[in-house]
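Please treat every number below as a calculation from the coordinates, not as lab data. Just so we're clear, the structure is a prediction, and the values are computed from it rather than from any experiment. Note that each Cβ is placed from the backbone with ideal geometry, even for glycine, and that neighbours are counted across all protein chains shown.
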Amino acid sequence: MDTLQAFDRAAAITDGMVGPITDEQLSLPTPCSDWNVRDVLNHIVLGDLIVTAFFQNEPQPDRSADHLGADPTRAVAKSLVGTRAELTPPGALERIVEGTFMGAATVAELAERRIADLVAHLWDLARATGRSTDYDPELVDRVMAHYRARLEGRPREGMPIASISPVPEGATPADRLAGYLGRTVIVA
């Protein structure tokens, strides 16, 4: 699976996960620090806006703003479409983007980070809204490899990723990813 296929698969899961979220569920707590469902959705949109700003060499969006507005589902869908549009032109993935949080990076490298963050937060949304965490094991394994390459042997203090948590028998690949990222995983 290449970067575009991985992004498309992550976006499709996101659409399926976010579409059924009701207004009442927006205030539900998630396993992600002190964020509720709306906060996680806002983080997803913000992530797309940040990488798109890097891709377009534009100022970064306000990280403290509400980027969802009155229609969170539409905001998430629109942000994913915007990011995908930046990945599509011929040669786009090989283009070097300067001044990112990674220093100089290719669009493909930024896209892989975007995919990883998105897939990790899908677990938070699934747990908060009572949906299955058994989604696209191949994509989740790819994201796990991404995080292992970034995090293995590095201290996690001061990072937004906690220490590895144990994962019970019968856990899905997404549950194992969540445990690797420090979430508490309970298998029903």
**Message:** Through the Karplus equation 6.51 cos²θ - 1.76 cosθ + 1.60, θ set to phi - 60°, convert the phi angles of the stretch 27-33 into ³J(HN,Hα) values in whole Hz; use x for Gly and Pro.
**Reply:** 8, 5, x, 10, x, 8, 5
**Separation in nanometres of the label points that stand 7 Å from Cα toward Cβ, at residue 73 and residue 56** = 2.6 nm
**Fill in**
If the chain between residue 64 and residue 84 were fully extended at 0.36 nm per residue, the gain over the current Cα-Cα distance would be 4.8 nm
**Request:** Treat the count of other C-beta atoms within 10 Å as a stand-in for reagent exposure and order 74, 38 from fewest to most.
**Result:** 74, 38
**Asked** Long-range amide H contacts for residue 182: which residues qualify at under 5 Å (H placed 1.01 Å from N, peptide plane, sequence gap of 5 or more or a different chain)?
**Response** 165
**Prompt:** Taking springs between alpha-carbon atoms closer than 10 angstrom, which of 114, 131, 84 fluctuates most in the Gaussian network model of the chain?
**Reply:** 131
**Message:** Compute a Gaussian network model of the chain, connecting alpha carbons closer than 10 Å, and tell me which residue from 15, 71, 39 fluctuates the most.
**Reply:** 71
**Prompt:** From the square roots a ≥ b ≥ c of the eigenvalues of the alpha-carbon gyration tensor of the stretch 106-188, which class results: rounded (a/c under 1.5), prolate (a/b over b/c), or oblate?
**Reply:** oblate
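List the residue ranges in the chain for DSSP H helices whose C-alpha atoms run 15 angstrom or more along the long axis and whose Kyte-Doolittle average is 0.0 or above.
Once both thresholds are applied, what remains is 3-18, 37-56, 72-87, 107-129.
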**Fill in**
The alpha-carbon center of the stretch 94-139 and that of the stretch 1-53 are separated, in whole Å, by 10 Å
**Placed amide H near residue 106: partners under 5 Å, 5+ positions off or other chain** = 97
**Message:** Counting other beta carbons within 10 Å of each residue's own, what order do 161, 44, 186, 21 fall into, fewest first?
**Reply:** 186, 161, 21, 44
